[in-house]
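Below is one structure, written out as structure tokens; comments come after it.
The values are calculated or read from the model by the stated rules, or taken from the named source; none is laboratory data. Owing to the predicted nature of the structure, the values given are computational and were not obtained by experimental measurement. Note: ideal-geometry Cβ built from the backbone for every residue, glycine included; neighbour counts use all protein chains shown.
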Amino acid sequence: MFTDDIDERVVKTAEYVISTGATVRAAAKVFGVSKSTSHKDLTDRLKAIDPALHASVSVILQKNRAERHIRGGNATRIKFFQSRDSRYNGLADYSPRDITEA
């Protein structure tokens, strides 16, 4: 892979994160790279390529980092309800907000 290809992937990943607010893991899945590569792209490589874009991505990454304990808690809550007994089997169709309100 040439440096131009990497730079292009870095910028596209950054633009994707800015437009969707996606996590590093979600962006990695979309672009077919590992989470580690995606993180390095968005933190180290992007800073050297486009500092202004890096500043915008950093704000989103900070927000995602601050919210990750909430996402993990909701995932655990859904998993608990799904495995608890058969009356919760359809729970995967609901969002965490629906579960909280139930």
Margin query: Checking the condition out of contact with any Lys or Arg (no Cβ under 9 Å at 6 or more places or on another chain), within 23 Å of ASP7 (Cα to Cα) and touching a residue at least 12 places away in the same chain (Cβ under 8 Å), which residue from VAL57, VAL33 passes?
Written below: VAL57
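To keep it simple, each residue is scored yes or no on (1) outside any helix (DSSP H, G or I); (2) surrounded by 15 or more Cβ atoms within 10 Å (Cβ to Cβ).
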position	(1), (2)
ASP5	no, no
ARG9	no, yes
GLU15	no, no
ALA22	yes, yes
ALA28	no, yes
SER38	no, yes
Check: Which number in (1) surrounded by fewer than 16 Cβ atoms within 10 Å (Cβ to Cβ); (2) polar (S, T, N, Q); (3) at pLDDT 95 or above marks the one condition that GLN62 misses?
Finding: (3)
Notebook entry, point to check: If you go through region 75-98, how many residues are part of a helix (DSSP H, G or I) and either aromatic (Phe, Trp, Tyr) or at pLDDT 75 or above (or both)?
Noted result: 7
